Amino acid sequence: MQPKPTLWKNIPLTFLIAILQTTISLIPGILFLKNSSHGALILNYMIFYLLLSDFFQLVGKNTYKKGKSIPLVIYGVKLIISTILIYLIIKQTAIQFGIILLAYELFQMMIFSKQFYYVDSLFYSFTNAFFKGIVFNQLLTISYPFDYDFELIKPFVFSFLIVLFLTIFTQGMYSYLSRQPIFLLLGLLSLIGTYYLVVQHYMSQQLDTWKLISFIVATIISFFLFMKTKKAKKKEFILNLFALASLIIYYIQ
């Protein structure tokens, strides 16, 4: 019997990682949901939209690593479903939400193209962290009539840094240009930046002692499991679990 291609053999784990990434993108906003006038109305649509997007991004990065692209027909189906979900979100909110999500679709198109080596760039790292760490959480929490205040970003700086760490660290696993050492170093630097923020919040009494200790313990356990695991997909799963645990620890009331 001919063995299954690695991509299809890893589909269950890929889908599980996609679920984790969707949860990571929304958990801070969900915990702040009580302040939103419409967050609960679009939460289901956002979950389906991001789950679809995260799954296809993982598949797209797998094909990128091999120097290939997702078949146009399959990507077309994804675009049709995404368009329907964006339309449903607009109906519940406003056109501004649709514009933001269309910008995210353009971001994903860059991932699916092997032409620009986008997954190997730091622009990808920061854009992904900006959308998943800040933008999607604010879509759940911002209220009409959208008198935006940049102070609203502050609660989500931690989620931005966590997603940035997760993005950069996993980029090395998908690097087509063999930039693993660079992403490893940058990932560690982003984690140091995250710890700097956590310690600053603790020193200014914005963070409880149990949260600081829990974050340290989660880091130690996750990196122990990460170093002990040999398969790249399982390493990615562990990093996503760490990111999710960190967000729950930080944002839980």
**OP:** For residue 159, work out the one condition from (1) at positive phi; (2) among the small types (Gly, Ala, Ser); (3) touching a Gly at 6+ places or on another chain (Cβ under 6 Å) it doesn't fulfil.
**Re:** (1)
**OP:** Look at segment 150-176 and say how many of its residues are out of contact with any Lys or Arg (no Cβ under 7 Å at 6 or more places or on another chain), more than 20 Å from residue 231 (Cα to Cα) and of a type in the set (A, V, I, L, M, F, W, C).
**Re:** 10
Subject >> segment 165-185, residues that are open to solvent by 40 Å² or more (accessible area, probe 1.4 Å) and within 17 Å of the chain's Cα centre (by Cα) >> reply: none
Original post:
Just a yes or no: is a residue in segment 80-91 surrounded by 20 or more Cβ atoms within 10 Å (Cβ to Cβ) and touching an Asp or Glu at 6+ places or on another chain (Cβ under 7 Å)?
Top reply: yes
Subject >> The listed residue being open to solvent by less than 70 Å² (accessible area, probe 1.4 Å) and touching a Phe, Trp or Tyr at 6+ places or on another chain (Cβ under 6 Å), out of 162, 216, 249 >> reply: 249
**OP:** Return a yes/no flag: does segment 87-96 have any residue that is aromatic (Phe, Trp, Tyr), in contact with a Gly (Cβ under 9 Å, 6 or more places away or on another chain) and under 25 Å from residue 182 (Cβ atoms).
**Re:** no
Subject >> Filter pass, residue 95 being in contact (Cβ under 8 Å) with a residue 24 or more places away in the chain and not polar (S, T, N, Q) >> reply: no
Subject >> Criterion (of a type in the set (D, E, K, R), open to solvent by 80 Å² or more (accessible area, probe 1.4 Å) and without any contact (Cβ under 8 Å) to a residue 60 or more places away in the chain) met by exactly one of 211, 234, 230 >> reply: 230
**OP:** Search segment 100-126 for residues that are hydroxyl-bearing (Ser, Thr, Tyr) and pair each with any residue that is not in a helix (DSSP H, G or I) when their beta-carbon atoms are under 9 Å apart and the residues are at least 6 apart or on different chains.
**Re:** 113/69; 117/176; 117/177
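The values are calculated or read from the model by the stated rules, or taken from the named source; none is laboratory data. Computed from a predicted model, the values in this text were never measured in an experiment. Every residue, glycine among them, receives a Cβ derived from its backbone with ideal geometry; neighbour counts consider all protein chains shown. Accessible surface is based on the protein model in full, side chains and every heavy atom, while ligands, DNA and RNA are left aside. Shrake-Rupley method; radii C 1.70, N 1.55, O 1.52, S 1.80 Å.
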